[in-house]
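The values are calculated or read from the model by the stated rules, or taken from the named source; none is laboratory data. Computed from a predicted structure; not experimentally measured. Because the Cβ atoms are built from the backbone with ideal geometry, glycine has one as well, and the counts that use them run over all protein chains shown.
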Amino acid sequence: MLIDTHCHLYDEAFRSDFEEVLSRARDAGMEACILPGIDRSCHDDLLAVADALPGFAFPCIGLHPTSVGEDWQEELDFVRNHVNDRKFHAIGEIGLDEYWSKDFVEQQIRVLEEQIALAASLDLPVIIHLREATGDFFRVLEDLRGVAFRGVMHAWSGSYETYRRLLGYADFKFGIGGVVTYKNAGVAVALEKMSLDDVVVETDCPWLTPVPFRGRRNEPAYVRLVAEKIAQIKGLPLAEVAAATTANARRLFQL
Ligand code: NI
């Protein structure tokens, strides 16, 4: 059984065939999924899916770096004001993204630091989105030295050296997704040496579709293709990868 630790199942891409998507996910061995938040605009849809699928879809709340703009203060207040509404399983996804835009980098850093501090105070894990901002992320981690927190580096595609370095700062897990199936994926090389104890699987659906469906909509069932690829890279049976990553996910998100 598998847990998709990063699943935007509430996205409108799944609205027309939601039940079929769900039954394919169950057929593929998926037993649960984590629903990362993005900003205010998706919050109600996310909760609707979580309420429709109790024990299967677990909600999170957070402000995504690409949603940090002019109204960042209101967006951040929304997270603060709603984080205790119910049981959320993580603060996320949060992070830094200097790929899409550098216009609000300072605000992204502030919003990230405040949300990590919030997660630490509530004993919740964080889901980190990091794109083209590794240097600034390490500066944030230095600023937060002494703040004990845990979380997952979502859509992990970094080197073995960066993986080792991150583990010096916090109790991180590493979310492996469809990118690992791409030809010449650097993360496949890093993964050979990474401990399976540090790995969780994810789809990031509807995005980042694995081979052989690349170019089409991603969906939760494909989490199995990711697990199969990890098993192949590490020379382990699929069942062992499934058991380890599921146990890691259950512990991290307190499922
Ligand atoms: Ni995401």
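Values as computed for the structure displayed
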{"read-out": "Qualifying residues in segment 22-46 (those that are within 18 Å of ASP77 (Cα to Cα) and assigned to a helix (DSSP H, G or I)) - the one nearest to the ligand (Cβ to nearest atom)", "value": "CYS42"}
{"read-out": "Matching residues in segment 61-113 - criterion: being among the aliphatic types (A, V, I, L, M), under 20 Å from the mean Cα position of the chain (by Cα) and part of a helix (DSSP H, G or I)", "value": "LEU76, VAL79, ILE109, VAL111, LEU112"}
{"read-out": "Residues satisfying the stated conditions in segment 1-21, i.e. over 22 Å from ASN81 (Cα atoms) and within 16 Å of the ligand (Cβ to nearest atom)", "value": "ILE3, ASP4, THR5, HIS6, CYS7, HIS8, LEU9, ASP11, GLU12, ALA13, PHE14"}
{"read-out": "Conditions (1) within 16 Å of the ligand (Cβ to nearest atom); (2) closer than 18 Å to ILE3 by Cα; (3) crowded, with 19+ Cβ neighbours inside 10 Å: number failed by LYS229", "value": "(1)"}
{"read-out": "Pair list, Cβ under 6 Å, 6 or more apart: segment 58-75 residue among the polar types (S, T, N, Q), other residue modelled with pLDDT of 95 or more and part of a loop (DSSP other than H, G, I, E, B)", "value": "SER67/ILE38; SER67/ASP39"}
{"read-out": "Answer from ARG164, ARG216 - the residue that is assigned to a helix (DSSP H, G or I) and either more than 16 Å from the ligand (Cβ to nearest atom) or touching a strand residue (DSSP E or B) at 6+ places or on another chain (Cβ under 8 Å) (or both)", "value": "ARG164"}
{"read-out": "Among the residues listed as GLU192, GLU240, GLU228, the single one being closer than 29 Å to GLY135 by Cα and not in a loop (DSSP other than H, G, I, E, B)", "value": "GLU192"}
{"read-out": "Residue in segment 177-199 that is closer than 16 Å to GLU228 by Cβ, of a type outside the set (S, T, N, Q), within 16 Å of the ligand (Cβ to nearest atom) and touching a residue at least 60 places away in the same chain (Cβ under 8 Å) present", "value": "yes"}
{"read-out": "Test: residue in segment 78-99 that is in contact with a Lys or Arg (Cβ under 7 Å, 6 or more places away or on another chain), under 18 Å from PRO206 (Cβ atoms) and away from the ligand (no atom under 16 Å from the Cβ)", "value": "no"}
